[in-house]
Amino acid sequence: MITGIVVALPEELATLVSGKVEKGDVVALTPNTLIAFAGAGCENAGQASEALIRRGADQLISWGCAAALSPELKPGDLVVADAFLSPQRPAIPGDNEWAEHTKLTLTDKITVYIGKLVSTPTIVADSRDKQALYAHTAALAVDMESYALAAAADKAALPCLTIRTIADPADMSLPNAVCQALNDAGDIELPELISHVLKHPQEIPALIKLGLHFSAAKKTLKYTSQYLDKITEFYANKTEH
């Protein structure tokens, strides 16, 4: 089986591959694993998912970080979706068997939650908005890409999975510096970030805290990458038996 993995951000991509990959490219991690560097957002994720399917992917994985909505989740925890939600669109069921297999594969060293994941068109930066979204959806976490991947997989009748680690907890609002530096593609523009911090140095402690949380999330992704073969071989082994 060929696995297609969609990644939005370069920091997330670096937990899987070394070397430079251009946004929009599809690269081979192994002969049976393709990675699409999509960029942020649902439109990019949808296009990348469709490109992977055209390249022969039999199953799709949404790989990267997410923001916690449930107060139980901590930075570095992993979320595997059993349902994909999006505002104004019908829910898409997740693959429970693959999710359970993934949790059993990983829980020796990291905390894995199985539950609903919601994708929004823009970043949910304020903790109050996270709380409101949690109350409305009961989703464990929020990202911007996984629903689009699930929709592409559902249309093609393929299984899909999320490997989404928590970067910012539910009670944390993203520093204004991050929100100001985000461009329309969901990327951080470093000059804008530096300019904002120079004008508002009081935000530096929050940025440091966010950086530590993001490091915990990347550590989980790196750990999970060591077990990627075992995770992705689930359906192949199931078919053999």
> Given the structure, is K109 basic (K, R) and under 18 Å from the mean Cα position of the chain (by Cα)?
Replying inline: no
> If you check every pair at least six apart or on different chains, which have Cβ atoms under 6 Å apart with a residue in region 1-16 that is within 14 Å of L221 (Cβ to Cβ) first and a residue that is of a type in the set (S, T, Y) second?
Replying inline: V6/S49; V6/S62; T15/S225; L16/S225
>> Residues that are modelled with pLDDT under 85 and surrounded by fewer than 16 Cβ atoms within 10 Å (Cβ to Cβ): list the helices (runs of 4 or more DSSP H) wholly contained in region 184-241 that include at least 1 such residues.
In response: 190-199, 204-225, 234-240
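Quick test for you: out of S119, S86, S70, pick the one residue that is touching a Phe, Trp or Tyr at 6+ places or on another chain (Cβ under 7 Å) and open to solvent by 20 Å² or more (accessible area, probe 1.4 Å). Can you show your working first?
Numbers: S119 fails: open to solvent by 20 Å² or more (accessible area, probe 1.4 Å); S70 fails: open to solvent by 20 Å² or more (accessible area, probe 1.4 Å).
Going through S119, S86, S70 in turn, the sole match is S86.
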> Filter region 90-116 for residues that are open to solvent by 90 Å² or more (accessible area, probe 1.4 Å) and touching a residue at least 60 places away in the same chain (Cβ under 8 Å); which is farthest from M172 (Cα to Cα)?
Replying inline: E97
>> Quick check on this structure: which one of V124, V142, V112 is at pLDDT below 95, touching a strand residue (DSSP E or B) at 6+ places or on another chain (Cβ under 9 Å) and β-branched (V, I, T)?
In response: V124
> Any idea which of (1) open to solvent by 20 Å² or more (accessible area, probe 1.4 Å); (2) touching a residue at least 40 places away in the same chain (Cβ under 8 Å); (3) aliphatic (A, V, I, L, M) is the one A132 doesn't satisfy?
Replying inline: (2)
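The values are calculated or read from the model by the stated rules, or taken from the named source; none is laboratory data. Note that this is a predicted model, so its numbers are computed, not measured. Quick reminder, even Gly has a Cβ in these numbers, built from the backbone with ideal geometry, and neighbours come from all protein chains shown. In case anyone asks, the SASA skips ligands and DNA or RNA and just uses the protein heavy atoms, side chains included. Shrake-Rupley method; radii C 1.70, N 1.55, O 1.52, S 1.80 Å.
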